[in-house]
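Everything below concerns the one structure shown next.
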Amino acid sequence: MGNKNLIPYDYRALITWGVIASFLFTFSQTLLSYSLVFGIVFITLFIFLGLFIDYRLTKKQNLLMQIKNFTSMQIFIFKIAISIFIFMSIFSILSLKIDEYSFVYTLWIFIISIFSLILSYLIKTKIYELHANVLFLTSIFLLFLSMFLNSEQLRFFSQTLCIIEIGFGYILIGILKNIESKTQN
């Protein structure tokens, strides 16, 4: 079966997550404002689509490395990701419900920075650590800016940074790691 601490991963899944994140950060607030039920269904479908693609690509990568089941580290990372998705999705919906959405994107940036930091430690790769640091500094910067911007300006600015730094950031990391893994083989 192999080493349980291995973390084989097809980084095309990260590109998928980047596209999904960009799409959700761009449209989910509008959809939730239009119809709470439709917005929840929309977010849930996209998250499940990402999980399905990630599952299939990771399973394929495991088979290439002759690993029959998911490793304990893959399961651990999956559980962290699911916990973040569930908590932040519910938090986002409730924030919109009480009409206070300005700090939601800042919290997403901060939480994803923690996730990237955990990945940098587990996978021992510098690009996740760099991504974590950029996201963390951005979240602190947005908190500082909140003293000077109104709620709508902060929401727009932090939403734009979410799309760029999380969505496009994961797409870029996925492309770079995919190229790196191809050159190593």
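The values are calculated or read from the model by the stated rules, or taken from the named source; none is laboratory data. Just so you know, these numbers come straight off a predicted model, no measurement behind them. Here the Cβ is made from the backbone with ideal geometry for all residues, glycine too, and neighbour counts use every protein chain on show. Heads up: the accessible areas ignore ligands, DNA and RNA and are worked out on the full protein's heavy atoms, side chains in. Shrake-Rupley method; radii C 1.70, N 1.55, O 1.52, S 1.80 Å.
General remarks:
- Per residue, the stretch 48-87 exposes 68 Å² of accessible surface when a 1.4 Å probe is rolled over the protein heavy atoms with every protein chain present.
- Normalised by the number of residues in the stretch 85-162, the average gap of Cα pairs under 8 Å and 6 or more apart makes the relative contact order 35 percent.
- Histogrammed with a bin width of 5 Å, the alpha carbon distances of the chain distribute as 1, 8, 15, 20, 20, 14, 10, 6, 3, 1, 0, 0 percent, first bin at zero.
- Per residue, the chain reaches -27000 deg cm²/dmol at 222 nm when only DSSP H runs of four or more residues are counted, each adding -39500 (n - 2.57).
- Dipole check for the stretch 87-168: with +1 at the C-beta of Lys and Arg, -1 at the C-beta of Asp and Glu, and the Cα centre as origin, the magnitude is about 240 Debye.
- Of all accessible heavy-atom area on the stretch 77-145, the percent that carbon and sulfur account for (1.4 Å): 79
- The orientation-averaged projected area of the convex hull spanned by the Cα atoms of the stretch 59-105 comes to 4.2 nm².
- Selection from Phe115, Phe25, Asn62 lying farthest towards where the dipole of the chain points positive, charges on Cβ: Asn62
- Residue pairs, from the table Lys68/Lys126; Lys97/Lys177; Lys59/Lys97, whose Cα atoms sit over 32 Å apart: Lys97/Lys177; Lys59/Lys97
- Computed from point charges on the beta carbon alone (+1 for Lys and Arg, -1 for Asp and Glu), the dipole magnitude for the stretch 1-150 about its Cα centre is near 660 Debye.
- Cβ crowding within 10 Å averaged over residues, with 157-164, 140-147 ranked highest first: 157-164, 140-147
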